[in-house]
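Contents: one structure, followed by commentary.
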Amino acid sequence: MTNTTVKSAQSSIDLCWHLLILCAVAIGASVLPDMAMASASGNNAIQDVFCNLVILLTGTTGKAIATVAVIAVGVGALLGKISWGMALIVGLGIALIFGAASIVTALGGTSTGCGSSRTLIQT
């Protein structure tokens, strides 16, 4: 293959990646305003978006993702594909995600207001 053929193929690949990123940003931009502007609780839009993220990560969705992660890392560690240190790091990361609210409160923060009693704000 000549150098121009390789450059042409690389530019085609770059174009595909740029189009993929553009589509992802466009879809994200079309979805987020609905979530951000649905401020039924009287909070500002940014707080609602972050509360929705906290609810997703610490709710049943987050528990399901954590369960799959523990299963995958456990199988990988048992088969010798992942070190046991990495398995412990994944477990520590999961513990930090689910314990983040109590860690912030213990360090002097106030209650986040994004507890399990709140539901996702939808339009």
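A simple spin-label model places pseudo-atoms 7 Å from Cα toward Cβ; at Leu78 and His18 they are separated by 4.8 nm.
In this rough spin-label picture, where each label sits 7 Å from Cα along the Cβ direction, the Val104-Ile46 distance is 1.3 nm. Rounded to 0.05, the FRET efficiency of the Leu96 and Ile71 pair, given R0 = 22 Å and the Cβ-Cβ distance, is 0.70. So the label point goes 7 Å from the Cα of Ala87 along Cα→C-beta, right? Which residues of segment 41-77 then have their backbone N under 19 Å from it? Hits in segment 41-77 for Ala87 at 19 Å: 66-77.
Every number in this text was worked out from the coordinates using simple rules, so none of it is lab data. All values reported here derive from a predicted model rather than from experimental measurement. In this analysis, Cβ positions are derived from the backbone assuming ideal geometry, glycine residues included, and neighbour counts consider all displayed protein chains.
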